[in-house]
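The values are calculated or read from the model by the stated rules, or taken from the named source; none is laboratory data. Just so you know, these numbers come straight off a predicted model, no measurement behind them. In this analysis, Cβ positions are derived from the backbone assuming ideal geometry, glycine residues included, and neighbour counts consider all displayed protein chains. To get the accessible areas, we keep the full protein, side chains included, count just its heavy atoms, and leave off ligands, DNA and RNA. Shrake-Rupley method; radii C 1.70, N 1.55, O 1.52, S 1.80 Å.
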Amino acid sequence: DEILRSLAGPPSPPGLSPPGWRVPVDCVRANELCAGEPSCSSRYRTLRQCLAGRDRNTMLANKECQVALEVLQESPLYDCRCKRGMKKELQCLQIYWSIHLGLTEGEEFYEASPYEPVTSRLSDIFRLASIFSGMDPATTSKSNHCLDAAKACNLNDNCKRLRSGYISTCSRELSATEPCSRRKCHKALRQFFDRVPGEFTFRLLFCSCKDPACAERRRQTIVPSCSYEDKDKPNCLDLRGACRTDHLCRSRLADFHTNCQATFQSLTSCPGDNFQACLGSYAGLIGFDITPNYVDASTTSITISPWCSCKGSGNMEEECEKFLRDFTENPCLRNAIQAFGNGTDVSLAPKNPNPAVTVLPKAEKSPALPEDVSDSNTAYDTSVISTCTSLQEQSLKPNKSKEQSLCYSEAQLTTDVMPEQKTFMDPKAGSSRQQESRILFLIPILI
């Protein structure tokens, strides 16, 4: 084990790592390290035999299987992860699940992601998107952003080729009863979203819209008549169960739950306030039977759902509804989509916002919001992104602290704001000028 740990990565300086700490490697490399050590290699072969055709309880009842599992928990295989789009992604994921399916308590509702964490931010894509489009998003508020995204894709050879490929495949009619090959359509979609950079794919999927024609173009991005819709809606738990029988689909679903599971521990409702990770894991689901999409062409609200329902769930209806709400009523996912569409990034916000209000010089010209403005992002959908709407939308009473009332204004947080200008506007700050004038008016009377 000590030899394997030393091979897995360089030793860390004393005092910086906890006891037993190991540098995680990708699972393909971890498997190679294990194969080179007789004890690990034999235990891994034993575990694979134990998992073949047996449920977890049967496997753990076998002493030899139990010992193999305990030994492998101390090997690089236990901590290994995979990278999205890596050359041997499927092989890597198969190795990951061969270990972790033996460790989980059967069919867990949420599973940990087998992928390495996403550390980049949306601001990186905003800068690239502005360069590729040749214009700043702040100056094109009246344009059709989804049409702009398609034009930007056509200017890139790789994006144009793969987009044309999946549109052609998903639109090809096979017969009067079979409008397309769903399997080939899904494969072409996966290739597009895995091989084309996010500055193109995100703009196609999450472009902001102010009219139904734009919203319908956004909904049609994945050719839903072939990749998404079907004659009947299957039960959502059946869809999830089928997804979990495939290592790639299971991994993408676990990644979505890891990065988009709504949390009230962050300002944005997203784990780690990382919009980029949530949107990337959402895009990773496209090209499977569990593919999500916009349910309509509404411009006032964003509702995402896979093609399924909870009819016929029996005593599993509560679990089914919970699974479906992770798509349809997910404040993290909705905030991430709105943030991208409006060109804002949570990375502009400090982790501990200062209650003091700082206003940009440009913002003084913009009309102030009324004092009684709601946190909800429905009434002011076209001009304000509220990253603090999740509590109200979940029918919970929010704290009346300064942090909970912070909302980002599209006029303030566009890409022309420099990163060092970390500026916020309090919704109630708009009346400050009126209060000052009242005070000035009262001074002579008081004197």
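Collect the residues in the stretch 266-304 that are of a type in the set (A, V, I, L, M), open to solvent by 10 Å² or more (accessible area, probe 1.4 Å) and either at pLDDT 95 or above or farther than 25 Å from Asp124 by Cβ (or both), keeping them in residue-number order. Hits for the stretch 266-304 are Val295, Ala297. Pick out, from the stretch 61-141, the helices (runs of 4 or more DSSP H) lying fully within it that include 2 or more residues that are modelled with pLDDT under 85 and open to solvent by less than 50 Å² (accessible area, probe 1.4 Å). Once the helices (runs of 4 or more DSSP H) in the stretch 61-141 are filtered for at least 2 residues that are modelled with pLDDT under 85 and open to solvent by less than 50 Å² (accessible area, probe 1.4 Å), what remains is 63-72, 89-100, 122-133.
Looking across the stretch 328-355, the residues that are of a type outside the set (Gly, Ala, Ser) and modelled with pLDDT of 85 or more come down to Thr328, Glu329, Asn330, Pro331, Cys332, Leu333, Arg334, Asn335, Ile337, Gln338, Phe340.
The sole residue among Ser301, Ser305 that is part of a strand (DSSP E or B) and either more than 16 Å from the chain's Cα centre (by Cα) or within 27 Å of Ile167 (Cα to Cα) (or both) is Ser305. Trp307 satisfies every condition listed in (1) out of contact with any Lys or Arg (no Cβ under 7 Å at 6 or more places or on another chain); (2) of a type outside the set (D, E, K, R); (3) open to solvent by 10 Å² or more (accessible area, probe 1.4 Å) except (1). For Asp230, the criteria (1) crowded, with 16+ Cβ neighbours inside 10 Å; (2) touching a residue at least 40 places away in the same chain (Cβ under 8 Å) hold in every case but one, which is (1).
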